[in-house]
Amino acid sequence: MTVPGDILVDVDDTSAPFRDGPLGPEPSATVIIFGATGDLTSRKVVPALFELSRAGYLAPETAVVGAARRVKSTEGFRAEMAAAIRAHARTQPIAEADLALFLRRVHYQPLEFEVPSDYTALREFLETPSRGRTFPRNRVAYLATAPAFFSMVTHNLREAGLLYEPGGEPWSRVVFEKPFGHDLQSAQALNRQLSQCLAESQICRIDHYLGKDTVQNLLAFRFGNGLFEPIFNRRYVDHVQVTVAEDQGIEGARGAFYDQTGALRDVVQNHVLQLLCLVAMEPPSVCGAEEIRAEKVKVLQALCAEDAGFGWAVRGQYGEGPLGRAYRDEDRIAANSNTETYAAMRVYIENWRWAGVPFLLRTGKRMPVRRTEIVVVFRRPPTQLFRTVRCVGDVCRLAAMEPNLIIFRIQPDEGVLMDLMVKRPGMNMDLHRVTSRFYYRDAFPQALPDAYERLLVDVIRGDQTLFTHSTEIERAWAFLTPLLDYWGAVPPRDFPNYAAGSWGPSAADRLFDGLGGHWRNTREP
Ligand code: BG6
């Protein structure tokens, strides 16, 4: 996320046509997708590449090569990708001319991950001009594969001479999807194996949350405004809540993966801890990848829980409820599964800024709404000078003073909300809580890009800010692995313990014991 030093224009008319950040001089590249016949390719990677192509973010020569086990022709692969784009592209309807132009970039080469000669054949395919076609020498290898293949594919790429030395031209970069390891030891082992083939500067570990504009806005909001940063600390903040709630459950083929994974590994280790880092980190000295990632690492280093037992964390699994059947009845889930579909915890960041401030984190499947938000709850004013009135419909009552909140709405209804106290009109000095709302959809005419679009652009730009560094990954696993081990060793006694469509197990409320707050459970937009 390198930012130009000068403010070039003063854009106050947000309705003016605005194409952000021209990339030029744009490097062209060959993007090779390993696992090209899988779900991730057709749902996310290829539709995102199509959007980038359509919007002019890809250099004209940029090529996309699908590589997977199944034998098929380039024509056959193009037809499949056309269907995928029609089904999943963000901008609908699709302009046929844009689609045709993009499909011309697309090629296919059969390849078995474990067969070294297939990589040699891939290299010949890329390096032998045919019928006037040449592939850009810069290479992105996108591993949309099961993690079990990460190391093998990288090793075979290197052996076949498909990776260049770091730091030069042409360049090669390798993109790894999550999950990156399943505990500290496996993540360390994977980092070690990859470091034998690649420099850290060539590795892009995806956490797609970092590609979301609203997640990047956490830094913009905190460090681009003089107003808030001085109060983001232990003197003014009572506690912080991070919620990644999903109303969907585990459907279809995903069950086999999820039942081996659970909420802690699937969402807390990556998305939730990344959100925590961004809301809590210190301002970096410059807005560069190394500097920002180093600040996030410091947050993870300072992360701790209150007690040596594991009472600071709560797990849950959904049973049957208003949103549908029980987790244990979903496809490909063991009937006696103890996998958690909900996890919550109360943690602290023991540094000068945040010591003593509780951070309450939670994620769950089959909660009442899909809602990712961070709520910063401020301390109440020291004295209650005024009467506070709380009204529900026409009925108003005197109430205790309410804290101010800043709510970072990551999705949906993307924006930032602030709960403030104002004087209620009338003859008394009564205060009333109001919400001041900024929504992206109101302020900006252009739709928010998909996270994968931004991440793919950054891979080509060579900007690693929005990819997780090996140290971040390992620190996050180091914090969670003792809890994972404990949960693995001590089966839950009360599963299922929340109804599909509820806000999670009641035990999660006790994470507020001694704090005087509660989870912000609301369906409000
Ligand atoms: C993925 C998890 O990383 O993130 C999924 O594997 C989860 O289980 C998804 O549903 C949530 O992403 P988003 O962008 O829909 O909030």
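Remarks
- Checking each residue in the stretch 350-407 for being exposed (fewer than 14 other Cβ atoms within 10 Å of the Cβ), at positive phi and modelled with pLDDT of 95 or more picks out only GLY356.
- Output for the stretch 244-275, where each listed residue is more than 11 Å from the ligand (Cβ to nearest atom), of a type outside the set (S, T, N, Q) and not in a helix (DSSP H, G or I): GLY252, ALA253
- Criterion: surrounded by fewer than 20 Cβ atoms within 10 Å (Cβ to Cβ), within 26 Å of the chain's Cα centre (by Cα) and assigned to a helix (DSSP H, G or I) - qualifying residue of THR522, THR471: THR471
- Filtered by the rule that a residue be in contact with a Leu (Cβ under 7 Å, 6 or more places away or on another chain) and not in a strand (DSSP E or B), the stretch 414-435 gives GLU414, ARG424.
- Residue count, the stretch 362-397 (criterion: touching a Lys or Arg at 6+ places or on another chain (Cβ under 7 Å), part of a strand (DSSP E or B) and within 16 Å of the ligand (Cβ to nearest atom)): 1
- Scope the stretch 292-341; condition within 26 Å of the chain's Cα centre (by Cα), within 18 Å of PRO358 (Cα to Cα) and surrounded by fewer than 14 Cβ atoms within 10 Å (Cβ to Cβ); matching residues: CYS304
- Highlighted here are the helices (runs of 4 or more DSSP H) found entirely within the stretch 111-215 that include at least 1 residues which are more than 30 Å from LEU273 (Cβ to Cβ): 116-127, 150-159.
- Under the condition of being surrounded by fewer than 13 Cβ atoms within 10 Å (Cβ to Cβ) and of a type in the set (Lys, Arg), the residues counted in the stretch 110-167 number 2.
- Any hit, the stretch 227-243, residues being modelled with pLDDT under 95 and either crowded, with 17+ Cβ neighbours inside 10 Å or not in a helix (DSSP H, G or I) (or both): yes
- Scanning the stretch 449-459 turns up one or more residues that are away from the ligand (no atom under 15 Å from the Cβ), in contact with a strand residue (DSSP E or B) (Cβ under 9 Å, 6 or more places away or on another chain), among the charged types (D, E, K, R) and outside any loop (DSSP other than H, G, I, E, B).
- The stretch 453-482 residues that are basic (Lys, Arg), paired with ones that are surrounded by 22 or more Cβ atoms within 10 Å (Cβ to Cβ) and not in a loop (DSSP other than H, G, I, E, B) (beta carbon under 6 Å, 6 or more apart): ARG454/GLY211; ARG475/LEU300
- Of the listed requirements (1) modelled with pLDDT of 95 or more; (2) under 16 Å from the mean Cα position of the chain (by Cα); (3) not in a helix (DSSP H, G or I), PHE438 misses just one: (2).
- If the condition is being among the aliphatic types (A, V, I, L, M), modelled with pLDDT of 95 or more and out of contact with any strand residue (DSSP E or B) (no Cβ under 8 Å at 6 or more places or on another chain), then the stretch 244-272 contributes no residue at all.
- Hey, ASP430 over 30 Å from SER53 (Cβ atoms) and away from the ligand (no atom under 16 Å from the Cβ) or not: yes
For (1) crowded, with 16+ Cβ neighbours inside 10 Å; (2) at pLDDT 95 or above, each residue gets a yes or a no:
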position	(1), (2)
ILE33	yes, yes
THR37	yes, no
PHE50	yes, yes
ALA59	yes, no
VAL64	yes, yes
ARG86	no, yes
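The values are calculated or read from the model by the stated rules, or taken from the named source; none is laboratory data. Given the structure is predicted, the values throughout are model-derived calculations rather than measurements. In this analysis, Cβ positions are derived from the backbone assuming ideal geometry, glycine residues included, and neighbour counts consider all displayed protein chains.
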